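Taking it in order: structure first as structure tokens, then the write-up.
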Amino acid sequence: MDMAKRALITGVTGQDGSYLSELLLEKGYDVHGMIRRSSVDYRERIAHLEGNPRFHLHYGDLGDSMSMMQVIGTVRPDEIYNLAAQSHVQVSFDVPEYTADVVAIGVLRVLEAVRLCGLAETCRIYQASTSELYGKVEEVPQRETTPFHPYSPYAVAKQYGFWIVREYREAYHMFCCSGILFNHESERRGETFVTRKITLAAARIAQGKQDKLYLGNLSSLRDWGYAKDYVECMWLILQNEKPEDYVIATGQQHSVREFATLAFHYAGIELEWQGEGLEEQGIDAADGRVLVEVSPDFYRPTDVVNLWGDPSKAKKELGWNPTRTSFEELVKIMVDHDMEKVAVERAEEHIKTNLEEYLEKGVVK
Ligand code: NAP
Ligand code: G4F
């Protein structure tokens, strides 16, 4: 009989869901991913896993308790990784009610489905919590004991998720834990998060496909790690003897400006910064072109500007190495990926233009 562990991942199509699926498959798990119904099936990040006999997909939505009951009752997982969320902080100001439903009550739906399906004693649950809970920070660096001060509708919703997990742990003795993850990025990061927005723009500007990049708060500070390293921690948290919450971070901090400077450097452009606030500009040192400008459109009603995590507890208790991939390596991985992506897009455009011309005139350039 096949005794492989069964894991259910909500948010399997996201950045973290795709890396976690790969990791759990490598470890011999049967991986069940939950996906949302949509009019087009577009699952770029997990396309390479489909067809693997140990990788299964189920329709469900964190906004719908019945579908959660159905998926959890059918899969009867040993471990659940609840990664699904409306995860964009700026978007949470635009759709606060939806964000609260999915990000806050969605966690309750998972916990209740586990309990009502009779899995409370056997199923371990990982909740994707966030450094955004520290928000308008009350201590630097932030650790497990730092008071929370959420500073966006997203963060307020995640705070409910954090506390309801703790409540179910104490009330029903369920093995459920939160990983308080600081920002983690990769070549699979969504294109509207600041790091990926920058690496894609640097690649496009370097290859003549874009003139300028507009950003918001350049002085915002983040503790950025590599997503591929961070999913390992999610797994380690569930293999622990006791259910506990952990800060997962690198312990190093950089500004958006520093990230942009390094990304453009790897794309072959040296940026120099001039001016302040809304007037600040990133200028190409080689020819004086203005490549980066600040736009108030990317400022947030309340912004979290000083995130810096202390991963000592995870290092000591989980044996996790927070700096396996350095900040410089992370930026390089992302830029190299996007330079290649833009080069492929340019080649495809060239072929298409040539083909159109050939079909029109019978001429190939
Ligand atoms: P992501 O790339 O934005 O992925 C989010 C996933 O959630 C996608 O698979 C999305 O599905 C799914 N989803 C959204 N709404 C849903 C719903 N109503 N029902 C079911 N699925 C839904 O996020 P990520 O960066 O991988 O982050 C994973 C989790 O960690 C999130 O909970 C995020 O809030 C949290 N987190 C992330 C970071 C970070 O730096 N990345 C740090 C701390 C915490 P579609 O593909 O259909 O949209
Ligand atoms: O890349 P961001 O949008 O990520 P943010 O807000 O830190 O949220 C991400 O990390 C959280 C963990 O701390 C997760 F919980 C959350 O799900 C998500 O994955 O913005 C980072 C910083 C902000 O201070 C923002 O104001 O960059 C600043 N920024 C400056 N210009 C910008 C831009 N952010 C975006 N998205 N776009 C800009 O043009």
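The values are calculated or read from the model by the stated rules, or taken from the named source; none is laboratory data. Please read all numbers here as calculations on a predicted model, not as lab measurements. Glycine also receives a Cβ, built like all others from the backbone with ideal geometry; neighbour counts cover every protein chain displayed. With ligands, DNA and RNA removed, areas are computed over all heavy atoms of the protein, side chains included. Shrake-Rupley method; radii C 1.70, N 1.55, O 1.52, S 1.80 Å.
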Ignoring everything but the protein chains, give the 1.4 Å probe accessible area of residue 221 in square angstrom, nearest 10. 50
State the percent of C-alpha pairs, over all pairs in the chain, separated by a distance greater than 34 angstrom. 31
Starting from the 7 Å offset along Cα-to-Cβ, what nm value, one decimal, do you get for the label separation of residue 357 and residue 121? 7.4
Excluding ligands, DNA and RNA, the carbon-plus-sulfur percentage of the accessible area of the chain with a 1.4 Å probe reads 50
Across all Cα atoms of the stretch 172-215, Rg and the largest Cα-Cα distance (Dmax), in Å, are 17.1, 58
Express in nm, to one decimal, how much length is gained between residue 273 and residue 144 on full extension, taking 0.36 nm for each residue of separation and deducting their alpha carbon distance. 42.8 nm
In cubic angstrom per residue, the convex hull of the stretch 1-100 built on its Cα atoms measures 113
Express in Å², to the nearest 10, the accessible area of residue 211 obtained by rolling a 1.4 Å probe over the protein heavy atoms while all chains stay in place. 130
Contour minus Cα-Cα distance for residue 47 and residue 289 (0.36 nm per residue): 83.2 nm
Partner aspartates and glutamates for residue 315 [C-alpha distance under 18 Å; skip if fewer than 8 residues away on the same chain]: 144, 223, 229, 232, 241, 244, 245
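Placing unit charges on C-beta atoms (Lys and Arg positive, Asp and Glu negative, everything else neutral), compute the dipole magnitude of the chain about its Cα centre in debye, rounded to 20. Write out the running numbers ahead of the final one.
Values: 40 positive and 57 negative charges, 172 e Å.
Roughly 820 debye, rounded to the nearest 20.
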With a Förster radius of 25 Å, plug the Cβ-Cβ distance of residue 37 and residue 192 into 1/(1 + (r/R0)^6) and report the FRET value to the nearest 0.05. 0.65
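Need one word for the stretch 271-365: rounded, prolate or oblate. Basis is the Cα gyration tensor (sqrt eigenvalues a ≥ b ≥ c); a/c below 1.5 gives rounded, then a/b vs b/c decides. Could the numbers behind the result be given before it?
On the way: a/c = 2.91, a/b = 1.61, b/c = 1.81.
Here the stretch 271-365 falls in the oblate category.
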Go ahead and set up a Gaussian network model of the chain, Cα springs under 10 Å, then flag whichever of 38, 220, 326 fluctuates most. 38
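How large is Rg/Rh for the stretch 110-233, to two decimals, with Cα atoms and a Kirkwood Rh?
1.08
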Relative contact order (%) - the stretch 100-233, alpha-carbon pairs under 8 angstrom, separation at least six: 25
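How much mean residue ellipticity at 222 nm does the chain get from its helices, if each DSSP H run of length 4 or more adds -39500 (n - 2.57) and you divide by all residues, to the nearest 500 deg cm²/dmol?
Calculated at 222 nm, the ellipticity per residue is -12500 deg cm²/dmol.
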Per-selection Rg to Rh, the stretch 171-305 - Cα, Kirkwood hydrodynamic radius: 1.09
Over the chain, with a Gaussian network built from C-alpha contacts below 10 Å, which listed residue (225, 190, 118) shows the highest mean-square fluctuation? 118
Determine how large the accessible area of residue 69 is when every protein chain is in place; take a 1.4 Å probe and give Å² rounded to the nearest 10. 70
Assuming R0 = 22 Å, what is the FRET efficiency of residue 170 and residue 136, from their Cβ-Cβ distance, to the nearest 0.05? 0.20
Considering only protein heavy atoms, what per residue accessible area in square angstrom results for the chain with a 1.4 angstrom probe? 47
Largest fluctuation, 286, 203, 128 only, Gaussian network model of the chain with Cα springs under 10 angstrom, belongs to 286
Can you tell me the Rg and Dmax of the stretch 98-181, counting just the alpha carbons, in angstroms? 13.3, 42
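Using heavy-atom solvent-accessible surface (probe 1.4 Å) with all chains present, what is the largest-first order of 117, 123? List each step's numbers first, then the result.
Values: 117 25, 123 0 Å².
Ranked list, largest accessible area first: 117, 123.
Largest first, what is the accessible-area ranking of 273, 308 with a 1.4 Å probe? Don't skip to the end; give the middle numbers.
On the way: 273 65, 308 85 Å².
I get 308, 273, largest accessible area first.
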